[in-house]
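I'd like to ask some things about the structure below.
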Amino acid sequence: MADSLISYRQRLGNVFTTFDRYLLKRYFHVFVIGFIATYGLYVVFDGFTNVDGFQAGAEKVSSTGLEAEKGSSNSLLWIMLEFYFYQSSIFFDMVSPILSVLAGVVVFSLMVRHGELNPVLSAGIPTYRLAIPLALATIIVNCVICVNQEVIIPSIADKLQAERGDMGSSAQFVEPVYDFSTRIMINGQEVFLTEQKMKNAEFVLSKPMVHDFVTVKSEFAVYLSQTESRPGGWLLKQASPSYQDLEIAEFAREIIQPGPEPNEVFIVTDVGCDQLCNRNFSSLISTPDLIARINNPSFSDLSIRKQKLDLHARLTRPIMNLIAVLISIPFVLRKESRSLILNIAICACVMGGLFGVSQCFHYMGATNMISPDQAAWFPVITNGTLAAWFTNRVQT
């Protein structure tokens, strides 16, 4: 048993050497420093640009009399720190793919700059052997991205959409939605994500559900999730007109139902609070919720197509990050190169071209020229082919 354990450690040591750990350490060092630098620049620029919003929030809190109770926690600095603390998660989701590729380019560039590559090649170690620790580091970064996307961002989605200086409120302006399954137009003034409520709600009922077009208004409407005993839908408080005044067709009584109180109306629909605001920001929801939206019959074909494209793009993003790191190797460590700066410039141009190709496929998928799965997976096939094609250009 002891001999087999020693043998296993020896094999592991042969696969993962001290130099590999050195490259991993350098990769994460560049990645972390790059994230801190870019996010710090964003905070400084955005903070000074929107300082009036933070100041208004601080004055609002101070006017409520809570500042004396909480002390310095209501200062302008604390409000800004709280806001940018939550925003760091969405910022990480946006820039981490770029930073993962940039970190790989910097690691290989420093190897060439410090003369560390030639001794490794002279020892008979192939160049792509050095890509193993960077590929492992990229996989680790992709795992962190997935955890951030699937767990952290959905749990703080209301905070990410809050106004600057008003983190305590989850109010969002309502974007009108037409429910294609029930043919009901849903509108309102504000929706409160945390409380699952909508202010000044308006539900336009169309023929043949009712005798004529009717707009049911409510000062406050509450969304009730689906349970075993009832479907999901909106409960309209103080509804006008009342349920008794509506001329409802017999088939529509399963959709338009009376509420627990005489002045309440319950309308069955799959359109919840999160679908009434920022519908184009699918990055704020988890993959299971995104799949549920795609299968939701309440949305239009255009909206479902975009959400399918976002779903496939989310699945292909880790593969694209890994391929981008592998593509950068032949250009940074280019055979018979004249200068390191020229290699990095060529690498940047190639990466820009590949990004343009990916955006072109994305545009064709969004305009229904090709299917969403083709728009997301064709760039993976194209970039993977180019990564294999350029392998003969690497320095050996």
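Name the shape class, rounded, prolate or oblate, that the alpha-carbon gyration tensor gives for region 183-261, where a ≥ b ≥ c are the square roots of its eigenvalues, rounded holds for a/c under 1.5, and otherwise prolate holds if a/b is larger than b/c and oblate otherwise.
oblate
Now for a different question. Do the alpha carbons of any pairs in LYS25/LYS306; LYS199/LYS308; LYS25/LYS308; LYS159/LYS197 sit beyond 27 Å of each other, and which pairs?
Beyond 27 Å: LYS25/LYS306; LYS199/LYS308; LYS25/LYS308.
What does the highest-first list of 191-204, 38-51 look like by mean Cβ count within 10 Å?
Peptide ranking by packing, descending: 191-204, 38-51.
Here is a follow-up. Can you work out the accessible area per residue across region 287-396, with the rest of the protein chains kept in place, probe 1.4 Å, in square angstrom?
Here the residues of region 287-396 average 52 Å² of exposed surface.
For the chain, which whole percent of the accessible surface, found with a 1.4 angstrom probe, sits on carbon and sulfur atoms?
63 percent
Quick one: which residues, 5 or more positions from VAL210 or on another chain, have an amide H under 5 Å from its amide H? H modelled 1.01 Å from N in the peptide plane, none for Pro or chain starts.
Amide H to amide H, under 5 Å and 5 or more residues apart or across chains, VAL210 pairs with ALA249.
Could you tell me the convex hull volume per residue, in Å³, taken over the Cα atoms of region 149-227?
131 Å³
Any idea what the dipole of region 251-374 comes to, in debye rounded to 20, about its Cα centre with Lys/Arg Cβ at +1 and Asp/Glu Cβ at -1?
820 debye
Shifting gears a bit: Using all C-alpha to C-alpha distances in region 223-278, build P(r) with 5 Å bins and read off the rounded percent in each one.
With a bin width of 5 Å, the distribution comes to 4, 19, 26, 25, 17, 7, 2.
Something else now. Classify region 350-396 from the C-alpha gyration tensor, please: rounded if a/c falls under 1.5, else prolate or oblate depending on whether a/b exceeds b/c.
It comes out prolate by the Cα gyration axes.
Can you give the FRET efficiency to the nearest 0.05 for SER155 and SER339, using r as the Cβ-Cβ distance and R₀ = 51 Å?
0.60
Which of the listed residues, LEU284, MET351, ASN296, is farthest toward the dipole's positive end in region 238-361, when Lys, Arg count +1 and Asp, Glu count -1 at the beta-carbon?
The residue sitting farthest along the positive end of the dipole is MET351.
For ILE184, which sequence-distant residues (separation of 5 or more, or a different chain) have an amide H within less than 5 Å of its own amide H, given hydrogens modelled in the peptide plane?
Sorted by chain and number, the residues that satisfy this are ASP179.
Right, something else. Could you point to the label whose value was computed as Cα Rg over 2.2 N^0.38 Å for the structure here, given (1) 1.78; (2) 0.96; (3) 1.29?
Matching entry in (1) 1.78; (2) 0.96; (3) 1.29: (3).
Please compute the Cα-Cα pair-distance distribution of region 294-396 with 5 Å bins starting at 0, giving whole percents from short to long.
Calculated over all Cα pairs of region 294-396, the distribution is 2, 13, 20, 18, 14, 11, 9, 6, 4, 2, 1, 0 percent.
If I take R0 = 51 Å and measure r between the Cβ atoms of THR38 and ALA388 in this structure, what FRET efficiency does the formula 1/(1 + (r/R0)^6) give, to the nearest 0.05?
Plugging the Cβ-Cβ distance into 1/(1 + (r/R0)^6) gives 0.95.
Sticking with this one: Can you give the calculated 222 nm mean residue ellipticity of the chain, where each DSSP H run of n ≥ 4 adds -39,500 (n - 2.57) and the sum is split over every residue, rounded to the nearest 500 deg cm²/dmol?
-18000 deg cm²/dmol
The values are calculated or read from the model by the stated rules, or taken from the named source; none is laboratory data. Source: prediction; values computed, not measured. With ideal geometry, Cβ positions are generated from the backbone for all residues, glycine too; neighbour counts draw on all protein chains shown. These area figures cover heavy atoms from the full protein model, side chains too; ligands, DNA and RNA do not enter into them. Shrake-Rupley method; radii C 1.70, N 1.55, O 1.52, S 1.80 Å.
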